[in-house]
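In what follows, a structure is listed as structure tokens, so that the remarks can point back to it.
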Amino acid sequence: LEETVVEVDETRQPSSLVFIGHVDVGKSTICGNLMFMSGMVDERTIEKFKQEAKEKNRDSWWLAYVMDINDDEKSKGKTVEVGRATLETPTKRYTVFDAPGHKNYVPDMIMGAAMADVAALVISARKGEYESGFERDGQTREHAQLARSLGVHKLVVIVNKMDEESVGWSQDRYNEIINGVTPFLKDQCGYKEEDITYVPISGLTGENIEKLSNKCPWYTGPPLLDILDGVEVPNRDPDGPLRVPILDKMKDRGVVAFGKVESGTIKIGSKLSIMPNNIKCQVTGLYNCKLELVKYACPGENIQVKVRMIDDENLINKGDVF
């Protein structure tokens, strides 16, 4: 069965984005709205999600269903696994990871953050929700520190739910949150001031995501999609030595490894060694973040690598490197 090979999109820079933050701040809903506004999800699918949300008496959750795929997540409204999707802006092609905010699922969040170049820290402006997310047991602090220690340098702080009744696009509330979070991010997490961007949005209505809303004339910065388009991601060398850390593996008519190209270019047909055990293998298939077959992958791409010459998938472990 011959699969069609898709041309590699050279016009956009591959990057990864992870949404982090406390449980129920609206991460999946923002992801869903980003996908919807950038045209990555078609109208028919959206109609289906709206219908499904209505049946479960969760009218406002239909956007989150774009990211929360399994039924358990839909009925409880909590993200458990890391949702993946693709988002294209004029100059970048993002793989979006929607990390779970619940503290029982921190290991899943770590996997999402380990693959990301940019983190979007979502904070709810609703009365009581910002406080509970940022207090001692909240996940806002833990996620921000974990992302920084996993090598994510660029942070977009999204203040969500600005349309909520208790907030009403209040500039005072926005400033209170920014002044509360900034010292922590700079002093305790070690982010530099120029690497942090702030934006107030409403994930549900989509205000300030694609276009600026007239409801908050006091915000003078760009909308969220423009911020993501303008983030500087680290320079990587496509001609350098190949390095692909393996994040996961599975068996599917051969062994398939998931990973992100950190340097060099991986091609179909390449003969590679998997370190540290020096296992020899040959690449028979490369799949990009949309699971399309491609001939090669450049630094920054999240890929699946299908290899031959390895019979037992247990020879490959998480953390090994191509």
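The values are calculated or read from the model by the stated rules, or taken from the named source; none is laboratory data. Only a predicted model underlies this, so the values are computations on that prediction, with no experimental measurement involved. Reconstructed Cβ throughout: ideal geometry from the backbone, glycine too, with neighbour counts over all protein chains shown. Please note that ligands, DNA and RNA were not included when accessible areas were found on the heavy atoms of the full protein model with its side chains. Shrake-Rupley method; radii C 1.70, N 1.55, O 1.52, S 1.80 Å.
With 23 Å as the limit on Cα-Cα distance, the pairs of Lys92/Lys127; Lys260/Lys280; Lys27/Lys50; Lys48/Lys306; Lys48/Lys290; Lys92/Lys290 that go past it are Lys92/Lys127; Lys48/Lys306. Over the Cα atoms of segment 258-319, the radius of gyration divided by the Kirkwood radius equals 0.94; this is the Rg/Rh ratio. Each part gets one Cα centre, and for segment 239-262 versus segment 156-170 those centres are 40 Å apart.
Computing FRET efficiency as 1/(1 + (r/R0)^6) for Ser273 and Arg253, where r is the C-beta to C-beta distance and R0 is 25 Å, gives about 0.65.
Could you work out what % of the accessible surface of segment 224-295 is carbon and sulfur, using a 1.4 angstrom probe and leaving DNA, RNA and ligands out of the count? Answer for segment 224-295: carbon and sulfur cover 51 percent of the accessible area. Evaluated on segment 207-322, the Kirkwood hydrodynamic radius is 16.0 Å, with distances taken between all distinct Cα atoms. The dipole here belongs to segment 104-199: it is taken about the Cα centre, uses +1 on the Cβ of Lys and Arg and -1 on the Cβ of Asp and Glu, and is about 160 debye.
For segment 108-175, the ratio of Cα radius of gyration to the globular rule of thumb 2.2 N^0.38 Å stands at 1.21. Sorted on the mean count of surrounding Cβ atoms within 10 Å across their residues, most packed first, peptides 231-242, 277-288, 22-33 read 22-33, 277-288, 231-242.
Rolling a 1.4 Å probe over the protein chains gives Lys54 an accessible area of about 120 Å².
Just how large is the dipole of segment 195-274 about the Cα centre, in debye to the nearest 20, putting +1 at every Lys and Arg Cβ and -1 at every Asp and Glu Cβ?
540 debye
Report note on the peptides 6-13, 297-304, 90-97: ranked by the mean count of other C-beta atoms within 10 Å, highest first, their order is 297-304, 90-97, 6-13.
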